[in-house]
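Q: Quick one: the structure is below, questions incoming.
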Amino acid sequence: MILIPVLGDQLSPSLASLRGGPDGAVVLMVEVFDEATYVRHHKKKIALLFSAMRHFADELRAAGWTVDYVTLDAAGNTGSFTGEVGRAMARHAIDGVRIVEAGEWRVADMIDGWSAQFGVPVEVLPDDRFLCSRADFVEWASARKRLIMEDFYREMRKRTGLLMSVGKPVGNRWNFDPENRKTPPRGLNTPGVATFEPDAVTDDVLALVAARFGGHFGDLTPFRFAVTRAQALVALDHFIEHALPRFGDYQDAMVAGQDHLWHAALSPYINCGLLLAREVVDAAVAAYDRGAAPINSVEGFVRQIIGWREYIRGIYWIEGRDYTASNALKATRDLPAFYWTGETDMRCMAEAIGSTKREAYAHHIHRLMITGNFAMLAGIDPHQVHVWYLIVYADAYEWVEAPNVIGMSQFADGGRLGSKPYAGGGAYINRMSDYCGKCRYDVKQKTGPDACPFNALYWDFLARHREALKDNSRLWRMYDGWDRLGSERQKATRESAAAFLATLPGKAPEWTDGTA
Ligand code: FAD
Ligand code: DLZ
Ligand code: SF4
């Protein structure tokens, strides 16, 4: 008999290992302590995964599959994927395993050991829920010196035919980003995201998570995530109808008290398999075709998914197991404790961390230009930053989190993923948000105890890393600006940055040491 382990991020009825329908095999799904604690995930993330796994198992059973589901508190649960596959082998007289490739090195390495350990053939199928296979990405990358996302994206547009018309991009442009940098006017109503009341299955999971992982970061309730494919499809429809039309316009905006703005908040569902990337972009393109959303929004959204998401995954596998140890800028400062509490006078940081804590979600600009930007400017150890991001977001799996953090946001890979560090001072944040007006710091002041910390930190970062960054042509204008400040103001700026950094609290090890 064949055993088909289905991992927590493989909750798709069309998964390659399940294709063709029930065939006498046993599907194995396991809630294991190791997966919940290899980093101490946000409570909401664990609840989402366990509830979605339980619902998915029920749906497979209803479709005729034999499903062996091991709950976290089942007697004898060994706590690991390998331990549970071993126990299932004994329960079912298994003579072969069929599994879709894991999303990350850690689990892929486990699966690689199973055939020798259990003495049966293990067939590992490509995860074709991605639009670009690992092999195709390697082929694309091997023909190039620099792996530029925009080049990859255009290739994907051509390959998929999405937003293409007789070989040309729809609207005669590949990219409508210049239209996508608007600051939302005051009082604009945001559409919110679709929310779902917990059912009995979710209630059981919430009680389990509270009892077993109560010390993990983040708010467990209110819990309003979709936990079934049917609910996730409702969330997709809600986004397409209510948020997509303005997604492009306000993609980079930040507004106090608004966690989602016009973002999709679909990544937790796409990444665990409740939604497929392809159906999500097809829905956006269909909205464009029927005139329900403008090209700048639809193109921007499609680019995030068939461009960024696929590119990031390709980079993850190319970079290898040691990518998360990269530290090109040799940053060593501990992650300040306020990353876990949100208790800081920097209003922008408090907003981004608050959303993270409440929702296990923050939109892209919060992640990139607030918490990520601050960590890079302050010289925080990128590995600690990586662990934080892996813990706190419901959509975080190493394949997508690590290149975004180590590469895009911390420049810790020395520029292999991004062509320049995403560094910004207070002026950027002030332009893109309504935070600064009510902040205890003054965004207009450059130095001194009341000045916005991002201002001095921004220049201090550039000055500190001049040797490493001076040849980057995209930064010449910034270095020119720094040189024109003159030595007096440069000195005051660096002293101001040092004074601020000296006030940073230390890290809170209970959330970052990876133990239960
Ligand atoms: P939207 O803004 O509505 O975008 C639509 C979709 O595009 C997302 O659902 C997502 O599937 C995709 N997407 C957009 N940008 C990216 C990107 N850079 N990489 C991959 N997919 C992208 N995304 C994750 O899925 N998991 C992570 O752990 C993660 N960590 C991040 C860490 C940092 C420091 C940064 C800067 C970005 C990270 N991202 C991550 C990418 C992006 O921020 C999230 O995908 C996005 O915020 C999810 O919210 P949304 O669905 O509302 O996205
Ligand atoms: C994230 C996660 C968590 C918290 N728990 C489980 C689990 O108990 N069982 C499971 O199969 N998967 C879980 N996952 C998702 C896995 O970590 C994910 O499937 C692997 O990282 C492979 O990419
Ligand atoms: Fe953030 Fe500075 Fe604005 Fe305060 S003044 S919200 S710290 S950018």
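A short reminder: the numbers here are calculations on the coordinates, not readings from a lab. Predicted, not measured: the structure shown is a model, and the values here were computed from it. Note: ideal-geometry Cβ built from the backbone for every residue, glycine included; neighbour counts use all protein chains shown.
Q: Hey, any idea what the orientation-averaged projected area of the convex hull of segment 338-511's Cα atoms comes to, in nm²?
A: Seen from a random direction, the Cα hull of segment 338-511 projects 9.8 nm² on average.
Q: Would you mind getting me the FRET efficiency between residue 445 and residue 177? Use the beta-carbon distance for r and R0 = 41 Å, nearest 0.05.
A: So the FRET efficiency works out to roughly 0.85.
Q: Under 37 °C and 0.692 mPa s, how fast does segment 183-268 diffuse according to Stokes-Einstein, given a Kirkwood radius computed over C-alpha pairs? Answer in µm²/s, whole number.
A: 223
Q: If you don't mind, there's one more thing I want to ask. I want to verify the translational diffusion coefficient of segment 151-310 in µm²/s; compute it with Stokes-Einstein, Rh as the Kirkwood radius over Cα pairs, at 20 °C and 1.002 mPa s.
A: After rounding, the answer is 124 µm²/s.
Q: Equivalent ellipsoid semi-axes for the chain, as square roots of 5 times the alpha carbon gyration tensor eigenvalues: give them largest first, rounded to whole Å.
A: 39, 26, 23
Q: Given the rule -39500 (n - 2.57) for each run of at least 4 DSSP H residues, summed and divided by the residues of the chain, what is its mean residue ellipticity at 222 nm, to the nearest 500 deg cm²/dmol?
A: Computed mean residue ellipticity for the chain: -12500 deg cm²/dmol.
Q: Here's another thing I want to ask about it. Restricting things to alpha carbons, find the Rg to Rh ratio for segment 17-77 using the Kirkwood radius for Rh.
A: Expressed as Rg/Rh, it is 1.02.
Q: Compute the angle between helix 347-359 and the longest alpha-carbon principal axis of the chain, please, reported from 0 to 90 degrees and rounded to the nearest 10.
A: That helix lies at roughly 10 degrees to the long axis.
Q: If you average over every viewing direction, what projected area does the convex hull of the Cα atoms of segment 2-125 give, in nm²?
A: For segment 2-125, the mean projected area of the Cα convex hull comes to 7.1 nm².
Q: Count the DSSP beta bridges whose two residues both fall in the chain, then state the antiparallel fraction as a percent rounded to the nearest 5.
A: Of all bridge pairs located within the chain, approximately 10 percent are antiparallel.
Q: Two-decimal Rg/Rh of segment 274-375 from alpha-carbon positions, Kirkwood Rh?
A: Result for segment 274-375 is an Rg/Rh of 1.07.
Q: Relative to the first principal axis of the alpha-carbon coordinates of the chain, what is the inclination of helix 453-464, with its axis defined by its Cα atoms, in degrees from 0 to 90 and to the nearest 10?
A: Around 90 degrees separate the two axes.
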